[in-house]
Amino acid sequence: MAAVLLSCLVVALVSSWPWLVEPSLRPGLPAPFTVRAPRDSRVIDSAALERRRSQMGPRSQVQMVDPAANRILQEDLERRLSQVRRQSGGDPHQLDALNLTAEESRWLDQQTPTQLIAWETAVRQAQLRMLTQGVVASLADESLRSAANLHLDGQPNPARSLGSRLVAEALQGRTNLRTDALLTQRRIEQIVTQQGLPTLAVKRGDLITRQGEPITPQAFDVLDHFNLINRRPLLLPWLLHLVEALAASGVMLLVMRRWRASLEPRQALLALAMLLVVQSCKLWLGDKVSPLALLVPPTLLLAQGLSTPAGLAWLAVASLLWPYPLGSNLEPRLVVAALVAAAAAVLAGRQRNRAQLLQLAVLLPLGALLLQVPLLHLHRGAPAGVTMAADADLLGEAMLVGGLLMGGLLLAPLVESFFGLLTRARLMELADLERPLLRRLSTEAPGTFEHTLMICGLAEEGARAIQADVDLIRTGALYHDVGKLHGPSWFIENQEDGRNPHEQLNDPLASAAILQAHVDEGLKLARRHHLPRPLADFIPEHQGTLKMGYFLHQARERDPGIAEGRFRYLGPIPRSRETAILMLADGCEAALRSLPPNTCEAEARAMVRRIVEARQQDGQLAASGISRGELELVIRAFVRVWRRMRHRRIPYPIPSRKGFSA
């Protein structure tokens, strides 16, 4: 909890940072007043100065000799010299790797070892002198040979030509220079100082800014020169924006908690961390930020992993908490990004596998591009060249968003596992009856498995009737009784031979402990098999704090004063509509199956209503958020399923068995 509160505070600080350290005015913002120059002056034009520096950059780079590159080039020459040594003392019929001329071969054969060592030393010295002066990769081969010839001037002609060729081949197309950023910056500053700083001539009474018009970079320099830019912290606006961001973060978490009762701190931290990254990118990139790239991928992830309302809540906060006023070009892009992200949040709840998410990752950027391009062309006064450049920028932005979404899909399983997110695709994967835990349930506790499938039908119909999460309740129902694997024979649906171990135990308290154990063991299995928290919640909440009525009655026959609390499940009670529906389905399933064939629909509905009202009066549904009207719809849904279960079949005549003669 402390980490969540601290994260909210950090998000609020980052969101309100401009009002604490930024100047009150900035180029591009509308001028809040009309200002004229109070006196004559010359003002440094910072925009022109920056342009001059950027233009000088490529032409003023300072390069230094790189010792590491020198070593590599020297090693290359050594390999070539070793080939010369092998050629001089080897078989005359061996392969000539150096392509020696006849004159060079004769000279090499005439050299003694001492003379050859002296020649190699001269070649190394020639290369070292050239490397000390610096070698560039674009230098022609002829120029390299000429330079090496000059450094080998004291050698006879065959020795000089061979040595210069070896040096040139070792250096050709390679460089030993690297750019030194610090020295380059110093040289640029020296050149700028020698040429003189670009200035603006300002006369007294000149109009600097007009109220409502954007502040140009030159006007900002003049305002700053005359100390008309307030650089002191704006404490009151900063405090207001800090409280606003803090409240927005809190409301976002409350909305997520409302739609996801089992919201974990790590999931809240994930939402806040993404909000922090988005706010930091807004501060860092300024007007160059891409609202589409910032808003769409996190919204899709949260809508998939938590819920559509959670994704929309995050989107609302990320869209409204903008650290600086929006420019005229950024406003329509933000609107488009918010619309696309909202569509992603709504569609996320309908994507039932990762293939559909992949299609969404392609369609969302394409839809955003189709929305933004017409808006750009409708922008008043945009020249054709500017519009074409902006179209290219929008295409690049759409490709960036598509890449982010594709990368998110690849990392989704890791994020889901680490933060306990439950996406629709993962729900479908966990509902596969071939998963190891469900296969084990079907083989070791077949009666419980059949009971589970019956409850799935009831719970799904009930969830569909009140528009609850059908996929969640189906998957949760499949795992709600896995704890019975610790002792299947203690539960009546698995007692095939009619023997009940509880009768032999003859201890109501011990039997009650066994019933509670199926909840505890179920939670252990859920942790062992890495079931997400929303699914694990079905295990204790489908029993809530219900009474174990049969064993309580047995205990009170022996001791009328025994406490009822010892014969209640430990809970918690259902905290969502889905777990509440499963509790009701679990209570009604056996009762509906036990009804005689001639039971009418009204009698079945009355019986289901009695069970539901008993759960309600016992306080089991108090925290679930399910209303009375929804309960009535659930009752009718259960009866519809019962009606389908007891349909009559036509009796087929069975022909008598014919005898065949031998």
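Overview of results
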| quantity | calculated |
| --- | --- |
| For segment 508-517, 3J(HN,Hα) per residue [Karplus equation, 6.51 cos²θ - 1.76 cosθ + 1.60, θ = phi - 60°, Hz, x = Gly/Pro] | x, 5, 5, 5, 4, 5, 5, 5, 5, 5 |
| Semi-axes of the equivalent ellipsoid for segment 233-426, Cα gyration tensor, largest first, Å | 28, 23, 12 |
| Proximal lysines to residue 484, defined as alpha-carbon separation beneath 23 angstrom and excluding residues fewer than eight positions away on the same chain | 524, 547 |
| Nitroxide proxy distance, nm - points 7 Å out along Cα→Cβ at residue 115 and residue 193 | 5.9 nm |
| Ranking of 569, 479 by count of other Cβ atoms within 10 Å, fewest first | 569, 479 |
| Cα-based helix-to-principal-axis angle, 601-617 vs the chain, degrees rounded to 10 | 70 degrees |
| Estimated inter-spin distance, residue 545 and residue 70, nm [label 7 Å along Cα→Cβ] | 8.2 nm |
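Where a number appears in this text, it was derived from the coordinates with a stated rule and is not lab data. Treat the numbers as computed from the prediction; the structure is a model and nothing was measured. Because the Cβ atoms are built from the backbone with ideal geometry, glycine has one as well, and the counts that use them run over all protein chains shown.
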